[in-house]
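These notes concern the structure reproduced below.
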Amino acid sequence: MKNLTGLLVVAMLVAACTKKDAGQTADVQAQGGAKLTNNELKIGISQEFENFNPLISSMLATTYMQRMVNRTLVTIDADGKWVPQLAKAIPSIEAGTAKVIKVGGKEKIQATWELLDNAVWGDGTPITCDDFSLAVKIASSPNVGVGEKEVYTQVEKIELVDKNPKKCLFTYEKAKWDFYMLGTFYPVPKQLEEAVFKKYGSQKEGYEKNSIYSKEPTNVGLFNGPYVISELQLGDHVTFVPNPKFYGTQPHIKKIIVKLIPNTGTLEANLRSGTIDLISTLGLALDQALAFEKKIKSENLGYQVLFQPSTVYEHIDLNLDNPFLKDVRVRKALNFAINKEDLVNALFEGKQQPAIHSVTPRDPWFTADPAKVTVYKYNKREAERLLDEAGWKPGADGIRVKDGKRLSFTVMTTAGNKTRELVQVYLQNQWKQVGIEVNAKNEPARVFFGETTKKRAFDSMALFAWVSSPENTPKSTFSSKNIPTAKNGWSGQNYMGWSNAAVDKTLDALDTEMKHEKRIEMVHEVLKAYTDEVPVLPLYYRSDVAVIPTQLKGYRLTGHQFPETNVVENWNLE
Amino acid sequence: MTTYILRRLVQTLMVIVILSYVCFSLMTLMPGDPVELMISANPKITQEDVVRLRAFYGLDQPTYVRYFNWVGEIAKGDLGYSRTYRIPVTEMMGPSLKATFVLSMGSLIFSILIGVPLGIYCALKPNSKMDYVVNMFNFGGISLPSFFLGIVLIIIFSVGLGWLPAGGYQTTGMHYDSWFAEMLDKAKYLILPILSLSVQSIGRFSRFARSAMVEAMRNDFIRTARAKGMSEKVVIWKHGFRNALIPLITIVAISFSSVFSGALITESLFAYPGVGRLIYTSIIGNDFNVAMISFIISIAMVLVMNLVADLLYGAADPRISYK
């Protein structure tokens with residue numbers, strides 16, 4: 001017994017004696033002592049990541065890290081603007097580097113993409129048009145499980161201009177205005193992957209299983225970004241070291257480790273104990289970040305919590321098949337009865353913005369102009385007037401009734417999501433004040449998204465969020481062609497069942513409208529119908545949160561799908 | 001004996017086949033599929049993509065067809081491809097199984113080494129002060145949720161004292177000069193998870209050992225052994241402890257069967273890349289291949305360890321025979 005206790009004490013002493021410098025940094029930093037250096041930065045994330053093959057990967061955490069090692073022709077910067085990365089410039093019709101052509105009576109687009117002369121893979125092989133052609137070829141294969149296939153298949157043909165391997169003429173299948181938005185169109189290193197695809201491409205999933213990304217994920221030839229992967233342990237961590245062949249500025253930080261800490265409750269402890277130095281946007285929930293921000297102030301810790309309005313739109317989809325919700329006056333009354341300003345202040349300390357429609361303020365298409373969209377400011381009287389007009393009169397218990405039926409709804413959301421549950425309670429109270437009864441019914445996320453919303457099986461209201469991106473046509477959620485039915489295999493995300501012929505027509509025309517101003521006009525037309533007919537109750541736009549050491553410079557949250565790692569080479573700790 | 005073992009092995013195989021179909025069917029009953037996860041991560045995935053991907057992964061096929069396809073691949077020696085991690089299952093599971101084995105075995109051995117001697121000591125000195133103290137510790141340990149204990153340990157030893165890392169498997173990016181340095185580094189990361197897992201098991205083993213030993217020491221043959229003038233050591237270990245072994249074998253065998261199943265909460269809390277977390281992620285992500293292989297390993301371990309326990313009963317007690 002004594003021996004065992006002794007052993008335990010010895011083990012702890014050994015651990016204490018062998019404590020690494022990395023483990024000391026944050027503690028010391030928190031006390032205002034020694035600082036982090038550019039030798040190493042450890043980032044904590046709470047979401048799982050996968051294999052880094054850019055054609056196959058789909059997890060957010062992988063996207064987050066992918067931008068450190070791989071770049072695309074273009075991207076969106078932190079200001080929300082499209083900027084070139086591997087390309088010298090973004091082709092445009094105005095500049096004459098893109099044109100609409102007619103082939104067999106069908107309009108197509110041809111655009112010339114010129115690659116940076118010094119853009120090379122980590123093994124020194126130049127990045128050429130062939131790498132993009134191979135990406136299209138692999139992605140088009142029926143044996144490869146590519147997620148967003150259209151990104152690649154929209155490009156019909158890639159030819160060399162003037163026999164220059166760095167000057168590529170892309171011919172697009174359709175003449176769409178967003179042809180240049182190739183932020184997720186990754187090149188694939190031909191010198192490594194072509195042989196694999198040739199050998200295994202004819203077998204189902206043969207390419208995925210045998211790709212160098214799977215077999216030798218630290219091969220430097222797979223990467224063209226500021227970093228390369230030096231170590232990858234799925235389910236645990238990824239280590240990045242600078243890529244000496246990177247075309248741009250060499251990164252300041254000599255080693256970045258991204259560590260998976262799946263329990264968000266322990267992220268803070270890991271930060272404070274020095275296991276990690278930074279919590280990424282894929283870490284803390286907003287309430288945790290708000291609580292930690294207070295601790296930083298009260299304990300004078302060397303961290304900063306960043307809040308960045310994002311393109312995530314929290315809202316309630318109304319099931320328009322519900323007989324009470326068919327009446328637009330009831331839908332409008334529901335909207336007028338929500339005090340969104342008070343909601344975001346009470347629950348989020350004003351760190352998230354009230355929403356007015358589906359386009360977020362991070363988007364160039366956003367408008368809050370009352371002349372263009374209908375804005376519903378909190379107005380209890382107007383809500384009551386609309387309900388009175390619709391024939392809903394207050395009953396004995398204050399809840400409105402009509403033809404013997406109570407004005408009662410069920411709001412469903414994901415169980416266990418503390419923020420959403422708080423929002424539910426807040427809304428129940430607000431709607432009760434105008435005589436509307438709302439009951440909460442929550443389900444695990446899998447059931448809620450996998451069954452209830454997908455099959456439109458919610459009785460009246462579904463509270464959740466849409467992740468969007470700037471200038472993203474809302475076709476999948478607004479078009480009546482995307483109302484999920486058994487006939488279409490429950491595909492499409494128009495869970496409301498909203499059908500507006502004019503909106504459908506505008507959305508179809510939007511795809512091919514080349515003039516920026518005209519597109520904005522069209523989107524505003526759609527938003528006008530959306531806010532007039534209220535198929536959805538907008539709630540708030542979510543914010544991204546991250547915790548960084550105060551000394552970290554050049555770190556800027558973006559709030560959209562191209563994360564802050566897009567400019568990882570600018571991060572500096574010294 | 002050989003016939004008995006063979007019969008049990010055939011039964012084990014049959015149970016594995018039946019349960020694998022049940023598990024497979026239950027997984028297909030869960031709402032959602034991997035394609036839905038892709039949609040949630042990428043708003044630009046189109047309706048056509050969804051239909052194509054479901055067909056590609058065979059998610060549009062009936063359950064039995066998918067099951068037989070999966071069994072067919074297993075029979076060919078291909079454990080499949082992880083939809084979540086996008087690599088072959090074998091490459092994914094190997095390191096996780098190893099990590100979990102180290103953690104679970106470490107905890108099991110530590111718990112047995114502490115719990116069983118404590119229980120025996122208390123059984124030999126029932127109602128003593130030590131017995132009361134150990135009992136109190138045991139009940140406390142059994143009642144304390146491991147996630148709570150884990151957080152407390154992290155706050156004390158990682159945040160407060162800074163002695164031990166808050167989570168992980170090894171110092172990331174570290175290159176070891178010797179196997180001893182590697183072992184020492186990894187051991188440091190194991191202390192808190194093992195402590196968190198063991199407190200409950202120590203209580204359980206100690207309680208079982210105490211009651212089994214108290215029961216054994218009450219038997220007439222113990223009195224006879226003492227009357228024959230045998231030393232107390234022989235009485236306790238040869239006559240008492242051997243008879244107390246049967247319930248202990250059962251509990252140890254059951255605990256042993258879970259060494260490859262992982263400890264989801266502890267692994268998540270301490271960011272330990274074990275198989276428990278892998279199973280959870282694969283179930284949530286509808287990653288059939290990984291989840292099914294994990295289920296089969298768990299089922300096989302339970303069945304095999306039950307067989308081992310049955311065989312050990314015979315070794316511990318010669319009155320039990322297998323014909």
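Considering every residue in A:234-241, what mean count of other chain Cβ atoms within 10 Å of its Cβ is obtained? It would help to have the intermediate numbers written out before the result.
Numbers: counts 11, 16, 12, 7, 1, 2, 1, 1.
Mean shielding by partner chains, rounded to a whole number: 6.
With the dipole of the protein assembly as shown worked out from charges on the C-beta (+1 for Lys and Arg, -1 for Asp and Glu) around the Cα centre, which of A:PHE307, A:VAL136, B:ILE293 lies farthest toward the positive end?
Most positive-ward Cα: B:ILE293.
What is the pair-distance distribution P(r) of the stretch A:309-542, computed from all Cα-Cα distances in 10 Å bins starting at 0, with each bin given as a whole percent?
Distribution as computed: 8, 32, 37, 19, 3, 0 percent.
Can you check what the Kirkwood hydrodynamic radius comes to for the protein assembly as shown, Cα pairs only, in Å to one decimal?
One over the average 1/r among Cα pairs gives 30.7 Å for the protein assembly as shown.
Over the stretch A:309-542, what is the relative contact order in whole percent, taking alpha-carbon pairs under 8 Å and six or more residues apart? Please report the intermediate quantities before stating the final value.
Details: 420 pairs, mean separation 81.2, N = 234.
In percent, rounded to a whole number, it is 35.
Would you work out the Kirkwood radius for the stretch A:40-166? I mean one over the mean of 1/r across all pairs of different Cα atoms, in Å. Could you put the intermediate results ahead of the total?
Values: mean 1/r = 0.0594 Å⁻¹.
Value: 16.8 Å, from the Cα pair sum.
Any idea what Rg and Dmax come out to for the stretch B:53-189 if you just take the C-alpha atoms, in Å?
23.0, 69
Rg to Rh for chain B: what is it, with Cα atoms only and Rh by Kirkwood? Walk me through the intermediate numbers first.
Numbers: Rg = 24.2 Å, Rh = 22.9 Å.
Taking Rg over the Kirkwood Rh, I get 1.06.
Take the alpha carbon atoms of the stretch B:194-264, find their center, do the same for the stretch A:159-191, and report the distance between the two centers in whole angstrom.
Between the Cα centres of the stretch B:194-264 and the stretch A:159-191 lies a distance of 72 Å.
Taking the Cα centre of the stretch A:71-212 as origin, work out the dipole magnitude from +1 charges on Lys and Arg Cβ and -1 charges on Asp and Glu Cβ, in debye rounded to 20. Before the final figure, lay out the partial values.
Numbers: 20 positive and 20 negative charges, 86 e Å.
Computed charge dipole of the stretch A:71-212: roughly 420 debye.
In nanometres, what is the gap between the two model label sites at A:ASP79 and A:LYS99, each 7 Å from Cα along Cα-to-Cβ?
About 3.2 nm separates the two model spin labels.
Partner chain Cβ atoms within 10 Å, averaged over the residues of B:47-57 - can you pull that number for me?
The mean count of partner-chain Cβ atoms within 10 Å per residue comes to 5.
Determine by what factor the alpha-carbon radius of gyration of the stretch A:66-111 differs from 2.2 N^0.38 Å, reporting the quotient. Walk me through the intermediate numbers first.
Numbers: Rg = 14.1 Å, N = 46, 2.2 N^0.38 = 9.4 Å.
The reported ratio for this selection is 1.49.
Please arrange B:HIS239, A:HIS237 by how many other C-beta atoms lie within 10 Å of their C-beta, fewest to most. Don't skip to the answer; put the middle values down first.
Working: B:HIS239 19, A:HIS237 25.
Sorted ascending by nearby Cβ count, the order is B:HIS239, A:HIS237.
If you take the beta carbon distance between A:ASN39 and A:ASN143 as r and set R0 to 56 Å, what does 1/(1 + (r/R0)^6) give as a FRET efficiency, to the nearest 0.05? Could the numbers behind the result be given before it?
Numbers: r = 44 Å, r/R0 = 0.79.
Efficiency, rounded to the nearest 0.05: 0.80.
So what does log10 I(q)/I(0) come out to for the stretch A:463-533 at q = 0.14, 0.23, 0.28 Å⁻¹, using the Debye formula with one equal point on every Cα and no solvent?
-0.45, -1.10, -1.37
Quick one: compute a quarter of the convex hull surface over the Cα atoms of the stretch A:260-416 and quote it in nm². Intermediate values should be presented prior to the final figure.
Working: hull surface 53.8 nm².
The Cα convex hull of the stretch A:260-416, projected and averaged over all directions, gives 13.4 nm².
For the protein assembly as shown, give the share of DSSP beta bridges that are antiparallel, in percent and rounded to the nearest 5; count only bridges with both residues there.
Numbers: 61 of 77 bridges.
Around 80 percent antiparallel, to the nearest 5.
In this model, which of A:LYS176/A:LYS351; A:LYS35/A:LYS294; A:LYS255/A:LYS418; A:LYS99/A:LYS209; A:LYS332/A:LYS402; B:LYS186/B:LYS238 are farther than 28 Å apart at the alpha-carbon?
Details: A:LYS176/A:LYS351 37 Å; A:LYS35/A:LYS294 22 Å; A:LYS255/A:LYS418 36 Å; A:LYS99/A:LYS209 39 Å; A:LYS332/A:LYS402 17 Å; B:LYS186/B:LYS238 38 Å.
Checking Cα-Cα distances, A:LYS176/A:LYS351; A:LYS255/A:LYS418; A:LYS99/A:LYS209; B:LYS186/B:LYS238 exceed 28 Å.
Farthest toward the dipole's positive end in the stretch A:309-542, which of A:PRO361, A:THR473, A:MET412, given Cβ charges of +1 (Lys, Arg) and -1 (Asp, Glu) about the Cα centre?
A:MET412
For the protein assembly as shown, with only Lys/Arg (+1) and Asp/Glu (-1) charged at the beta-carbon, what is the dipole magnitude about the Cα centre, in debye rounded to 20? Please list the in-between numbers first.
Numbers: 98 positive and 86 negative charges, 486 e Å.
It comes to approximately 2340 debye.
Would you mind computing, in nm to one decimal, how far apart the modelled labels at A:ALA368 and B:SER321 are, each placed 7 Å from Cα along Cα→Cβ?
With each label point 7 Å from Cα toward Cβ, the separation is 8.9 nm.
Once you average over the residues of B:152-162, how many Cβ atoms of partner chains fall within 10 Å of each Cβ? Intermediate results must be reported in sequence, preceding the final value.
On the way: counts 0, 0, 7, 4, 0, 4, 9, 10, 4, 3, 10.
Whole-number average of other-chain Cβ neighbours for B:152-162 is 5.
State to the nearest 20 debye the size of the charge dipole of chain B about its Cα centre, where the only charges are +1 on K and R beta carbons and -1 on D and E beta carbons.
1400
Go ahead and run the numbers for FRET between B:MET105 and B:PHE139, Cβ-Cβ distance against an R0 of 30 Å, rounding to 0.05. Could you put the intermediate results ahead of the total?
Numbers: r = 26 Å, r/R0 = 0.86.
Approximately 0.70, to the nearest 0.05.
Report the label-to-label distance for A:GLU341 and A:LYS380 in nanometres (one decimal), using points 7 Å from each Cα along the Cα→Cβ vector.
1.5
Dipole of the stretch A:97-219 (Lys/Arg Cβ +1, Asp/Glu Cβ -1, origin at the Cα centre): which of A:TRP177, A:ILE101, A:ALA111 lies farthest to the positive side?
A:ILE101
Can you compute the radius of gyration and Dmax for the stretch A:190-303, using only the Cα atoms, both in Å?
19.2, 61
Every number here is computed from the coordinates shown, using simple stated rules; none is lab data. Because the structure is predicted, anything quoted here is derived from the model rather than measured. When we count neighbours, we look across all protein chains shown, and the Cβ atoms used for this are built from the backbone with ideal geometry, even at glycine.
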